[in-house]
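Read the figures in this text as sums done on the coordinates, not as results from a lab. All figures in this text were calculated on a predicted structure; none of them were measured in a lab. All Cβ positions, glycine included, derive from the backbone under ideal geometry; neighbour counts span all protein chains shown.
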């Protein structure tokens, strides 16, 4: 029992980070492709610009998630960036 | 409340965590990436490989006039596919000796878009009978969508692998404090150090290229990977068409009028395009509803002479030849995407640029390959019982053999299949592809069964022999042996023969080095210096 708990405590943060990188990173990138629609660019150009930038957002998020000191901090960072993006995305949808 | 491992990661610093990220992201899809890199590398000569794969098609000594060829093909289509709603032809150029066309057929099953395709002789406009093969297109398509799986799955897998690569590149750079010093450092015959130095040199040498090629690879399929902005913003069919027009010159056929009217001269339309873009810079002619009052002819600009793949075309009324519209530019973001797309495909370049692309891309392949091998070399020293390594280690070791040396054999086998499979074989093109995978699977079986060093040496050796003998096979099975090609100045065929020999030599060198290197390795074991391995692996992060 104790061993299982220890295992979990030891690998939990890593799994959390992997989840944050894979899914959190993608969600953030996807959100940015919608948020960019709030820019003054024409719709069509904004769609394309959002797609172009999304992979850099995704890659940056993954690096962030593994660069910071703890898993909670990794998630917090993603959420802090996601909030203004969500606001922008909400304004256009 | 942080756990022990969390405290450790806090103390280790960013370079250590980036080093680990680099290691695992690189390993997990490393074999997929290696295959994508190598098949992508040879795809820079896709058109040349396709010419080689169809030796029946005569070599073009000079580039035919697009305006004349387009008219010939148009005339041929009156017989080949009368009443088709659309046909489209890629005109022959310096790298393609045939006109390749596809056209819509009446679809038999509902929901299925019916297309047919064929090669046409630019001199006569007749359909040519070449052996059924995918040629260079097999490697090209495998490079981003693999095989034996639905196309979307393959493209998603390629996208995930590319994303892993992008992360591996960024984390690899952060890991490297002394990136320039390391570039000029090479320690031969020092086991892990040599692998590390080779990996660093290959990576740093081509770093801008590797980063560019990975990112632009994602850009080529970005609408599929990131559809969300489009789903929110693009609602009406008109908007969708507007977006599509920013990305591609390919137009969907409209509604026919039902009124038969003879077509105007296609030659004249292409002439107009030639005046606009240059005589040798017409890429494609696309005709919808030929012979109908509503017929449209779109002439598309070729890829050379501009660093963008964004659509440029002229649209003509088919029955009068009147220019309806000319598209010369797209919006800023779309143009950026066009440039990135063009950078990935490298079609704008002349022969010299293409060779540069090929060589740096080959260095990228070697970067992935050395990275994979390094994973095992680095860990072998730390194994508690080197005679019986754990299952994960053995798996990586074996997959490396099949993924690297085995792929060379499989790709060469595909080319052998092209020369050996009977032309009458039903589904011949598929058999060539099946042969590629059968041989690759056999290589995996061999890698699992044989001792590691023997498996490496045997597979590299087999690849070398197969590559070396391919020009011999070509000489025996076609009218275009090496000496004939050289005498004729046919550098496509002669070049592929020479490249086979160059790659045969490379595999031979690798086989010999592997045979010798591993013999020496056990003597140099680091048992006398227990701390050395730890320092070395930690040193990788410096």
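Please report B:42, B:297 as a ranked list, fewest other C-beta atoms within 10 angstrom at the top and most at the bottom.
Values: B:42 21, B:297 25.
The most exposed by this proxy come first: B:42, B:297.
Compute the separation of the alpha-carbon centres of the range B:114-136 and the range A:1-40 and state it in Å as a whole number. Here the answer is 50 Å between Cα centres. Using C-alpha pairs under 8 Å with a sequence gap of at least 6, the mean separation divided by the residue count of the range B:248-324 gives a relative contact order of 33 percent. For chain B, take the longest principal axis of its alpha carbons; what is the angle in degrees between that and the long axis of helix B:491-520, to the nearest 10 within 0 to 90? Taking Cα atoms only, the helix is inclined about 10 degrees.
Computed from the alpha carbon atoms alone, the convex hull of chain B holds 189 Å³ per residue. Compute the Cα gyration tensor for the protein assembly as shown, then decide on rounded, prolate or oblate, letting a ≥ b ≥ c be the square roots of its eigenvalues: rounded whenever a/c is under 1.5, prolate when a/b is larger than b/c in the other cases, and oblate in all that remain. Note, shape of the protein assembly as shown comes out oblate. Each of B:52, B:456, A:64 has some number of other Cβ atoms within 10 Å of its Cβ, and from fewest to most they run A:64, B:52, B:456.
Label positions at residue A:56 and residue B:419, each projected 7 Å from the Cα along the C-beta direction, are separated by 4.8 nm.
For the residues of B:158-165, the average number of beta carbons from a partner chain within 10 Å of their own beta carbon is 2. Multiplying the residue separation of residue B:231 and residue B:307 by 0.36 nm and subtracting their alpha-carbon distance yields 24.4 nm.
Just rank B:271, B:512, fewest to most, by other beta-carbon atoms within 10 angstrom.
In order of increasing Cβ crowding within 10 Å: B:512, B:271.
Rg/Rh for chain A (Cα atoms only, Rh after Kirkwood) is 1.14. For the range B:45-62, list residues with backbone N below 16 Å from a point placed 7 Å from the Cα of residue B:478 toward its Cβ? Label zone hits: B:45-61.
Each part gets one Cα centre, and for the range B:86-104 versus the range B:291-308 those centres are 12 Å apart. With the simple model of a label 7 Å out from the Cα in the direction of the Cβ, residue B:105 to residue B:384 spans 6.3 nm. Put simply, when B:58-70, A:77-89, B:384-396 are sorted by average Cβ atoms within 10 angstrom per residue, most first, you get B:58-70, A:77-89, B:384-396. Put a dot 7 Å past the Cα of residue B:28, heading toward its Cβ, do the same for residue A:15, and the two dots end up 1.5 nm apart.
For the peptide B:218-226, the mean number of other protein chain Cβ atoms found within 10 angstrom of a residue's Cβ is 5. Largest first, the extents of the alpha carbon coordinates of the range B:387-524 on the three principal axes equal 55, 35, 17 Å. Quick one: check the C-alpha center-to-center distance for the range B:209-237 versus the range B:362-411, whole angstrom. Value for the Cα centre distance between the two parts: 33 Å. Using only Cα atoms, find the angle between the long axis of helix A:71-92 and the longest principal axis of chain A, and express it within 0 to 90 degrees, rounded to the nearest 10. Computed tilt is about 20 degrees.
On the beta carbon distance between residue B:487 and residue B:265, with R0 = 60 Å, the FRET formula returns roughly 0.90. The length gained by stretching the chain between residue B:149 and residue B:224 to full extension, at 0.36 nm per residue less their Cα-Cα distance, is 25.3 nm. Using r as the Cβ-Cβ distance of residue B:509 and residue B:391, and R0 as 35 Å, what FRET efficiency do you calculate, to the nearest 0.05? E between residue B:509 and residue B:391, to the nearest 0.05, is 0.65.
With respect to chain A, whose longest principal axis is taken over its alpha-carbon atoms, helix A:25-35 is tilted by about 20°.
Relative contact order for chain B using alpha-carbon pairs under 8 Å, separation at least 6, rounded to a whole percent? Walk me through the intermediate numbers first.
Details: 776 pairs, mean separation 91.5, N = 542.
Value for chain B: 17 percent.
Take each residue in A:57-64, count the other chain C-beta atoms within 10 Å of its C-beta, and the mean is 5.
With the cut-off at under 14 Å, measuring from each backbone N in the range A:35-77 to a point 7 Å along the Cα-to-Cβ line of residue B:242 picks out A:41-48.
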